[in-house]
Amino acid sequence: MAKLNWGIIGGGEGSQIGLAHRMCSALDDKFQFRAGAMDVDPVKACEYGTRLGLEPDRAYGSWQDMLAAEKIREDRLDLVTIATPNSTHFEITKAFLENGFNVLCEKPMTMTLDEAKEIVALQAKTGQICAVNYGYSGYPMVRQMREMVRNGDLGAVRSFVAEFSHGFHADAADADNPRVRWRYDPKQAGVSAQFADCGIHALHLASFVLGQNPKKVSADFAACVPGRELEDDALVALRMDQGAVGRLWSSSIAIGRMHGLTLQVFGEKGGLRWAQEQPNQLYWNPINQSVQILERGQAGLSDASIDASRLTIGHAEGAPVAFANIYKSIAKDIEARKLGLSLDQNELGYPTAFDGMVSMAAIDAAAKSATAASAWTELDLN
Ligand code: NAI
């Protein structure tokens, strides 16, 4: 099959996530970078797009121009990635879905739960792909964990502990730095800062591995650096919809933590432990036996893990390959659709608009709980 046409909105020069999207969409030779509106400044957007090799007529000055021109092209885009700041995701995702494009939106999918519900309804109505970039679910050993849970290796999952903490907003002297300050300002960030930005990745990871969604939460949010309105440290207890108990800690003031995304899963017959900073190793402890270290790429792992892995065993494969697995999974779905086939919804391999909505419901419920003395609060998924 010919390469799929791919475009991006945002991700301009100097942005944090733009390069990752270009690298990861290209890794498996499934997508060809064809169009972009990459910067909020129209002149820079056109200049940067052409410098990256786009045809001048497809290096757009705004996403509105891109939509207007791309929707009438015969070689229209097969996938549009939205990598702009959070407050723009809803409007752009909605516009592209309504015009028949498949979308991969950066997280958070929207700013509010109501907007997230609208996107889920729109996705169902249009039938287009609407994926959300919870890229950590693409790690091969995360997919191995999910398969082991599915296979029943752990028995029923009783509980999990998830963390996503770093220490890069711990310096009170830097709290007024504009790049830091907006994150803790409710007018710009919404109802939650650290839980919504990082904790939600850990929660999505747990949901992905367990195959369970959060049902209710009890949250304790703290703004430890003086002057912050929103939390820089969050502790969230969870009850999942199929019975598992969850404990999640996310902090941005944890000096010494770097990119501390970890997940431990405890079942009736064994426990698993995985950490994003050592993604090639998965610790598996069957009950009453010694701990085993499963290594990415070794024989005997699940097909899902092998399919997600690219480099020979022992090489330091990491985040770009994990994110590329989201693109690989989306490409598989687009190609199937082009052939008139329909993939099993449980095997899509990429986070969907529904996952984006569950995240928004969890953020909403946790923020409400945190202002009500940690009262248990149900997620509103109706
Ligand atoms: P950034 O501020 O570094 O870059 C944003 C880019 O979007 C800039 O190039 C800017 O000019 C452009 N832009 C802004 N408004 C635009 C518009 N209306 N049209 C076109 N371009 C526009 O932001 P960063 O850190 O790259 O984050 C972007 C998104 O990616 C955020 O939603 C963030 O939450 C998400 N993100 C996700 C990660 C993940 O692990 N999935 C990791 C890092 C960021």
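Every number here is computed from the coordinates shown, using simple stated rules; none is lab data. Every value quoted in this text rests on a predicted model; they were computed, and no experiment measured them. Using ideal geometry, Cβ is built from the backbone for each residue, glycine included, and neighbour counts are taken over all protein chains shown.
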**Selected residue (criterion: surrounded by the most Cβ atoms within 10 Å (Cβ to Cβ)) from residues of segment 82-115 that are away from the ligand (no atom under 15 Å from the Cβ) and not in a loop (DSSP other than H, G, I, E, B)** = Leu97
**Request:** Starting from residues that are within 12 Å of the ligand (Cβ to nearest atom), within 19 Å of Phe96 (Cα to Cα) and not small (Gly, Ala, Ser), keep the ones in segment 3-24 and report whichever is nearest to the chain's Cα centre (by Cα).
**Result:** His21
**Prompt:** Looking only at residues in segment 134-148 that are closer than 22 Å to Gly356 by Cβ and more than 16 Å from the ligand (Cβ to nearest atom), which one is nearest to the chain's Cα centre (by Cα)?
**Reply:** Arg143
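Among the residues that make up segment 178-197, is at least one of them among the hydrophobic types (A, V, I, L, M, F, W, C), touching a strand residue (DSSP E or B) at 6+ places or on another chain (Cβ under 7 Å) and buried (at least 23 other Cβ atoms within 10 Å of the Cβ)?
yes
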**Asked** Which of the residues belonging to segment 266-296 are buried (at least 19 other Cβ atoms within 10 Å of the Cβ) and either small (Gly, Ala, Ser) or without any contact (Cβ under 8 Å) to a residue 12 or more places away in the chain (or both)?
**Response** Gly267, Gly270, Gly271
**The one condition in (1) acidic (Asp, Glu); (2) in a helix (DSSP H, G or I); (3) in contact with an Asp or Glu (Cβ under 8 Å, 6 or more places away or on another chain) that Asp380 fails to fulfil** = (2)
**Request:** Scan Ala131, Ala156, Ala162 and give me the residue that is within 16 Å of the ligand (Cβ to nearest atom) and more than 30 Å from Ala223 (Cα to Cα).
**Result:** Ala131
**Prompt:** So which pairs qualify, if the first residue must be in segment 1-24 and without any contact (Cβ under 8 Å) to a residue 12 or more places away in the chain and under 19 Å from Trp63 (Cα atoms), the second must be near the ligand (Cβ under 7 Å from one of its atoms) and outside any strand (DSSP E or B), the Cβ gap must be under 9 Å, and the two must be at least 6 apart or on different chains?
**Reply:** Leu19/Gly11
**Request:** Look at Gly356 and say whether it is within 23 Å of the chain's Cα centre (by Cα), crowded, with 16+ Cβ neighbours inside 10 Å and in a loop (DSSP other than H, G, I, E, B).
**Result:** no
**Prompt:** For segment 25-38, what are the residues that are within 16 Å of the ligand (Cβ to nearest atom) and either free of Cβ contacts under 8 Å to residues at least 24 places away in the same chain or more than 18 Å from Asn325 (Cβ to Cβ) (or both)?
**Reply:** Phe33, Ala35, Gly36, Ala37, Met38
**Message:** Just checking: which of the helices (runs of 4 or more DSSP H) contained wholly in segment 152-211 hold 2 or more residues that are of a type outside the set (Asp, Glu) and within 18 Å of the chain's Cα centre (by Cα)?
**Reply:** 200-210
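A quick yes/no check of all residues on (1) under 20 Å from Lys3 (Cα atoms); (2) of a type outside the set (Gly, Ala, Ser):
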{"position": "Asp303", "(1), (2)": "no, yes"}
{"position": "Ala319", "(1), (2)": "no, no"}
{"position": "Asn325", "(1), (2)": "yes, yes"}
{"position": "Glu347", "(1), (2)": "no, yes"}
**Fill in**
Going through segment 310-343 in order, the residues found to be without any contact (Cβ under 8 Å) to a residue 24 or more places away in the chain, among the aliphatic types (A, V, I, L, M) and part of a helix (DSSP H, G or I) are Ala336
**Message:** Filter segment 49-81 down to the residues that are part of a helix (DSSP H, G or I), over 26 Å from the mean Cα position of the chain (by Cα) and within 11 Å of the ligand (Cβ to nearest atom) and list them by number.
**Reply:** Asp65
**Request:** With respect to Gly61, determine if the residue is touching a Gly at 6+ places or on another chain (Cβ under 7 Å), of a type outside the set (A, V, I, L, M) and surrounded by 17 or more Cβ atoms within 10 Å (Cβ to Cβ).
**Result:** no
**Message:** If Asp41 meets every condition in (1) crowded, with 16+ Cβ neighbours inside 10 Å; (2) within 8 Å of the ligand (Cβ to nearest atom); (3) acidic (Asp, Glu) apart from one, which number is that one?
**Reply:** (1)
